[in-house]
Amino acid sequence: MIKAIIFDFFDVIRTDAYKAWLATHNIAHEGPYFDASYQQDIGAITSEQFLATLSQLTGRTVTFEEVDGAATVDHGTVAIVSALSKKYKLALISNAPSKLIRGILAENDLEQYFDVIVVSSEVGMVKPNHDIFQLALEKLGVAPSESVFIDDNIRHVEAAAKLDIQAIQFKSAEQLQADLANLGVTV
């Protein structure tokens, strides 16, 4: 029986602004651009240092507003999260800098829906590392088989599935609702 549902944040609940910025500038999320985001997500560098690295890599000043300006919240997914929060324990696992995600969550009044929030930069580990999933499960007090994990990144979905967590690759709010229903989770 499903007791808990664990959500990714970026490109599930809100646009992944960095991914969009990279695409806009025709830059692959690899090499130094991957390293910079990884270092920020693990908490090794600050957001200011991340932007300084992007500025150095591009040869021009890159601002937070430029990178994050077009990001939007998926209100369809938020409606699903809100409905699920009334019936299930919910967690959020995000590879993100603490200050950024905590600010977005507060600004959009999203913290209210989650019993557990695990931010990579706060715990020093990132998805798809199994330890970050284990931490969330422990905090939720559920077994892997009693949980569902939702993420847009197939590597993260596969990592969760290897732990016996039922996993869904997110593509849209409509698809998510249908996939949850197939698992017996009604919204």
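Just so it is clear, none of the values below were taken in a lab; they were calculated from the coordinates. Because the structure is predicted, anything quoted here is derived from the model rather than measured. Heads up, the Cβs are rebuilt from the backbone with ideal geometry, glycines too, and the neighbour counts pull from every protein chain shown.
For Q175 and A143, a Förster radius of 41 Å and the Cβ-Cβ distance give a FRET efficiency of 0.95, rounded to the nearest 0.05. Taking 20 Å as the cut-off, the amide N atoms of segment 7-40 that come nearer than this to a point 7 Å along the Cα-to-beta-carbon line of N108 belong to 7-24.
Run the numbers on the chain and let me know its relative contact order in percent, using alpha-carbon pairs under 8 Å that are six or more apart. Result for the chain is 29 percent. Taken about its Cα centre, segment 17-68 carries a charge dipole of about 120 debye when Lys and Arg each add +1 at the Cβ and Asp and Glu each add -1 at the Cβ. Tell me, how many Å apart are the Cα centres for segment 160-187 and for segment 42-111? Here the two parts' Cα centres lie 22 Å apart. For the chain, the longest piece that avoids every one of the trypsin sites (Lys or Arg not before Pro) found in DSSP loops with at most 11 other C-beta atoms within 10 Å covers 87-187.
Say the dipole of the chain comes from +1 at the beta carbon of Lys and Arg and -1 at that of Asp and Glu; which of A23, I154, L137 then lies farthest toward its positive end? Going by the charge dipole, the pick is L137.
Is the shape of segment 17-68 rounded, prolate or oblate, going by the alpha carbon gyration tensor and its root eigenvalues a ≥ b ≥ c, with a/c under 1.5 for rounded and a/b larger than b/c for prolate? Please report the intermediate quantities before stating the final value.
Numbers: a/c = 1.44, a/b = 1.21, b/c = 1.20.
The shape class here is rounded.
The charge dipole of the chain, taken about its Cα centre with unit charges on the Cβ atoms of Lys, Arg (+1), Asp and Glu (-1) only, comes to about 300 debye.
Assuming a ≥ b ≥ c are the square roots of the Cα gyration tensor eigenvalues, decide whether segment 62-135 counts as rounded (a/c under 1.5), prolate (otherwise, with a/b larger than b/c) or oblate.
Working: a/c = 2.16, a/b = 1.10, b/c = 1.96.
Cα axes put segment 62-135 in the oblate bin.
Using all pairs of distinct alpha-carbon atoms, the Kirkwood hydrodynamic radius of the chain works out to 16.9 angstrom.
Rounded to the nearest 0.05, what FRET efficiency is calculated for V187 and K99 with R0 set to 35 Å and r the Cβ-Cβ distance?
Working: r = 31 Å, r/R0 = 0.90.
Efficiency computed from Cβ-Cβ geometry: 0.65.
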